Amino acid sequence: MKVGIIGAGPAGLACGAALASKGVEVEIFESAPEVGGMTKSFELWGQQVDLGPHRFFSANQEVNRFWSHFTGKDYVMVDRLTRIYYQKKFFLYPVKAMNALTNLGFFAAAQCVFSYMAAQLKPKGQEQNFEEWVSRRFGYKLYSIFFKTYSERLWGIPCTELDADFARQRIKGLNMWEVIRDAIFGGGSKRHKTLLDRFAYPQNGAGEPYEKMADYIREHGGKIHLSTPVKRIVTEGLKATAIELEDGTVKELDQIVSTAPFTDMLMSIPALDSRIHKIASEMIYRNTTLVYLRVEDSTLFKDNWLYIHDPSVQVGRITNFRNWSPFMLHGSKDSILALEYWSSDDDKMWHMTDEEMIELAREDILRTGLVRKGTVKEGHIERLHRSYPVYNSGYGKKVEELQNAADRLENICFIGRNGSFKYNNQDHSLLMGIYAAKNILAGYKKYDLWKVNTDGEYQEGAKQTMKSEK
């Protein structure tokens, strides 16, 4: 059996490694010149950095064992510190009562409490959008301070047009009573999994285990073709038989696993009807521009990353790579910051030159007051096309229809964040890759891949609950 995998990110590499371990002939086709996808690490100004912040945690033991196999002992435990930067003040996340009270002031804090109480008195109903979902659980005042600005900057649409599904996936299980409990009593083992205080992190960057996965695949006879974009999936009716590369080369395959943008791949299949093509063309993605700044200062903020809720700047999140693994610094006294900017294909920002983006980032970081004037020495740009699938209103029914169309196809499955149009974390994508490999080896749909990252608990903390089906 010969399996072709489109994409060498976490999902594709996990699938490839799991198959290669069983003697399956694997070929991976990656459009970028290196492996790792959005979790790759690279050298910059004598240090190692990632494509933004990437932490790993999973209570799923199968995912843990898989990740640990390729990380070995080459990891460090990082004490998580991520705060919200609002009105030039640091708000602890999760919220601590005295910190919030001191920063907001008594009057604003009281408004938040009364706003929350008012929300609880409203008749219960089904929340249709992100704003309704969050306001119902936190009150409008807290929502407007800690959710609205950041979310609209990230997604590029009003929170009233962002589907409530996004909140259910990313904030589920976290509510005001939990915040108060954690603030007063310090939380405990049942605390929401996005608030974990420590996480495992590879010594030399988030991309290190994925580089090892690629080496493992090659050592077991697999092939990884870099700088090799895939143009389309070749089908005979609804049966996938091959992939066509951008240079026109056709590779015949027994099974295909795609982590490429789900919508693009479906649109490349002529056997799917025009309605499916139309729905796929309407799905929205957001892009990320990462601006790295070298700062001559080793004493900047101690956070792993900061969420920026300042309407006077355009940056949404700032990562300080000095606060991850000491092995990445290579003795340098400089700090490298990664400033994240989000845009759509037709936004002016996505088409700005490197020089324009670096200047924007330089102005933003100085305006925040997080660095001293004269310490920013140079910049570097990384652009991530289609880094976030957008959960705009009504997206769920559209995705379900696309999934049903995909299930009609033979010899192909779709996994990963872009591959399934699902806002996955690392552990979600790894689990999808592992399950895809098991389905291929079993010869039938043993695991429903669409169910990954849709269960009632946050996947990082959930037990494996998906049942096999034949």
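The numbers here are math on the coordinates, done by the rules we state, and not lab data. Predicted, not measured: the structure shown is a model, and the values here were computed from it. Virtual Cβ from ideal backbone geometry, glycine too; neighbours counted across all protein chains shown.
Observations
- Taken along its three principal axes, the alpha carbon spread of segment 1-130 comes to 65, 46, 29 Å, from the longest extent down to the shortest.
- D by Stokes-Einstein for the chain, Kirkwood Rh over Cα pairs, 20 °C, 1.002 mPa s: 92 µm²/s.
- Applying a threshold of 32 Å to the alpha-carbon distances of K251/K445; K40/K438; K89/K212; K348/K377; K73/K397 flags K89/K212; K73/K397 as lying beyond it.
- Fully extending the segment from D347 to L441, taken as 0.36 nm per residue of separation minus the present Cα-Cα distance, adds 29.5 nm.
- Each label was represented as a point 7 Å from its Cα along the Cα-to-Cβ direction; for N64 and E359 these points are 5.1 nm apart.
- As a proxy for reagent exposure, K148, K88 were ordered by neighbouring Cβ count within 10 angstrom, fewest first; the result is K88, K148.
- Applying 1/(1 + (r/R0)^6) with r as the Cβ-Cβ distance of A271 and K22 and R0 = 30 angstrom yields a FRET efficiency of 0.50.
- For the chain: relative contact order, % (alpha-carbon pairs under 8 angstrom, 6 or more apart): 24
- Taking Lys and Arg as +1 and Asp and Glu as -1, the other residues whose beta-carbon sits under 11 Å from that of L81 total +1.
- FRET efficiency, 1/(1 + (r/R0)^6) with R0 35 Å, evaluated for S393 and T249 via beta carbons: 0.30
- Computing Rg and the Kirkwood Rh from the Cα coordinates of segment 1-45 gives a ratio, Rg/Rh, of 1.06.
- Neighbour counts of C-beta atoms inside 10 Å place R383, R294 in the sequence R383, R294, starting with the fewest.
- At the listed q of 0.16, 0.26 Å⁻¹, the Debye profile of segment 227-306, built from one uniform point per Cα, gives log10 I(q)/I(0) equal to -0.71, -1.33.
- Which of H380, H54, H428 has the fewest Cβ neighbours within 10 Å, and the rest in rising order: H380, H54, H428
- Secondary structure note: in the chain, about 70% of the DSSP beta bridges are antiparallel.
- Calculated on alpha-carbon atoms, Rg and Dmax of segment 237-365 in Å: 21.2, 61
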